Structure formats: structure tokens, C-alpha cells
Amino acid sequence: MKKFIVLCLLCSFLVSISLFKKEYDFSKEDNLSVQVFVSNQNYEHLSNYDFVKNGMGAIIFCDYSQYKKIKKDCKDIAGVTFIFSGDDNTFENVIKNLKIKTTAKTRCDFIGYTNYFDCSLNIDGKKTNVQGYLSDNKVYIGFPLLLGSY
């Protein structure tokens with residue numbers, strides 16, 4: 001009986017670990033800025049941040065440390081875009097480091113799926129939760145898709 005209980009506890013521990021999603025740390029990227037897209041029409045909790053209302057919610061412009069706080073405080077995040085300096089190598093390294101399974105890719109853009117982000121969309125029957133774009137030595141990585149201008 002003790003072995004059965006230990007086995008059950010071990011199985012539940014392994015299942016809980018597999019459900020936990022660790023977020024990728026973008027903090028080491030050069031000239032990093034973050035755009036957080038929130039869907040709530042109530043903007044009072046955003047007064048400490050630079051933001052623009054966009055009709056469906058707001059875009060918050062912030063740095064990475066502010067993003068971490070916003071992520072804890074906001075329950076209505078619809079998407080996030082990370083923008084940082086980079087070239088072709090940086091772009092390819094992001095795909096590799098995020099372990100992205102690309103479903104469509106060219107030299108300067110991709111869409112795909114990674115375990116570093118919880119929600120996903122179904123695009124052409126494929127699970128998608130990340131999009132990237134490289135332009136003018138800037139890398140744009142959006143979860144679940146790039147939102148806003150790039």
C-alpha cells in the first residue's frame with residue numbers, strides 16, 4: 001500500500017511539473033522594449049504606464065521589469081510583443097532558444113508553436129502561439145501573434 005501511495009504522489013508530481021510553463025527570459029536582449037496588449041476597457045490600473053487606447057483595449061509600452069509586474073497585476077492580457085536589437089543570427093537563435101516548431105517560415109518572419117507560452121490559436125489547423133519578424137535590425141517576437149505595427 002505504501003508503494004502505491006508513493007507511486008501516486010510521484011505521478012501527480014510529474015504531471016504537475018509538465019503543466020507548469022516556464023516563461024522565456026528576454027531580459028538579456030539588447031535594447032529590449034515590450035508592448036502589452038490588454039483587452040479591458042478599464043484603464044485605471046494602467047495609470048503608472050505609458051499606454052495608448054486602441055478601441056478594443058490598450059497597448060502598454062514598458063520595459064521588461066515593468067512587464068513582469070503588469071503580468072502579475074493584469075488578468076486581461078491579450079498578447080505581448082518583445083522588441084529588441086538583432087540580426088539574422090539573433091533571429092535564428094530566438095527560434096532555436098524558444099524551441100519553436102515553425103509552421104511557416106521565411107528569412108525574415110515565422111509563425112509557430114512553443115511551450116514557453118500558455119495559450120494558442122488554431123491557424124490552418126495548426127496550433128500556433130508565437131510569431132516573429134525581423135526588420136531594420138530589430139527582432140519582433142509576439143505571443144500569440146504580433147499585434148500592433150512592426
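The values are calculated or read from the model by the stated rules, or taken from the named source; none is laboratory data. Computed from a predicted structure; not experimentally measured. For neighbour counting, all protein chains shown are included, and Cβ atoms are generated from backbone atoms with ideal geometry for every residue, glycine included.
Mind checking which residues of the stretch 66-85 are over 15 Å from the mean Cα position of the chain (by Cα) and either part of a strand (DSSP E or B) or touching a residue at least 60 places away in the same chain (Cβ under 8 Å) (or both)?
85
Could you pull out the residue among 89, 115 that is within 13 Å of the chain's Cα centre (by Cα) and either of a type outside the set (A, V, I, L, M) or modelled with pLDDT of 95 or more (or both)?
On the way: 89 fails: within 13 Å of the chain's Cα centre (by Cα).
None of the other options fit; the residue is 115.
Could you list, in sequence order, the residues of the stretch 100-141 that are among the β-branched types (Val, Ile, Thr) and either surrounded by fewer than 13 Cβ atoms within 10 Å (Cβ to Cβ) or assigned to a strand (DSSP E or B) (or both)?
Filtering the stretch 100-141 for residues among the β-branched types (Val, Ile, Thr) gives 100, 102-103, 106, 111, 114, 123, 128, 130, 139, 141.
102, 103, 106, 111, 123, 128, 130, 139, 141 - these are the residues of the stretch 100-141 that are among the β-branched types (Val, Ile, Thr) and either surrounded by fewer than 13 Cβ atoms within 10 Å (Cβ to Cβ) or assigned to a strand (DSSP E or B) (or both).
Give me the pairs, please: first residue somewhere in the stretch 131-150 and without any contact (Cβ under 8 Å) to a residue 24 or more places away in the chain, second residue anywhere and among the small types (Gly, Ala, Ser) and not in a loop (DSSP other than H, G, I, E, B), beta-carbon distance under 8 Å, and either six or more positions apart or on two chains.
Final answer for the pair search is 131/112; 131/142.
Before we move on, is residue 47 modelled with pLDDT under 85, surrounded by fewer than 16 Cβ atoms within 10 Å (Cβ to Cβ), farther than 18 Å from residue 148 by Cα and among the small types (Gly, Ala, Ser)? Steps first, answer last, please.
Working: modelled with pLDDT under 85: yes; surrounded by fewer than 16 Cβ atoms within 10 Å (Cβ to Cβ): yes; farther than 18 Å from residue 148 by Cα: yes; among the small types (Gly, Ala, Ser): yes.
When the stated conditions are applied, residue 47 passes them.
Quick one: in the stretch 99-122, which of the residues that are in contact with a strand residue (DSSP E or B) (Cβ under 7 Å, 6 or more places away or on another chain) and hydrophobic (A, V, I, L, M, F, W, C) is nearest to residue 23 (Cα to Cα)?
The extreme case among them is 117.
With 99, 28 as the choices, which residue is on the phi > 0 side of the Ramachandran plot and either of a type in the set (Ser, Thr, Tyr) or within 17 Å of the chain's Cα centre (by Cα) (or both)? Steps first, answer last, please.
Numbers: 28 fails: on the phi > 0 side of the Ramachandran plot.
Testing whether each residue is on the phi > 0 side of the Ramachandran plot and either of a type in the set (Ser, Thr, Tyr) or within 17 Å of the chain's Cα centre (by Cα) (or both) leaves just 99.
Looking only at the stretch 89-99, how many residues end up being surrounded by fewer than 17 Cβ atoms within 10 Å (Cβ to Cβ) and either of a type in the set (A, V, I, L, M) or in a loop (DSSP other than H, G, I, E, B) (or both)?
Selection size over the stretch 89-99: 1.
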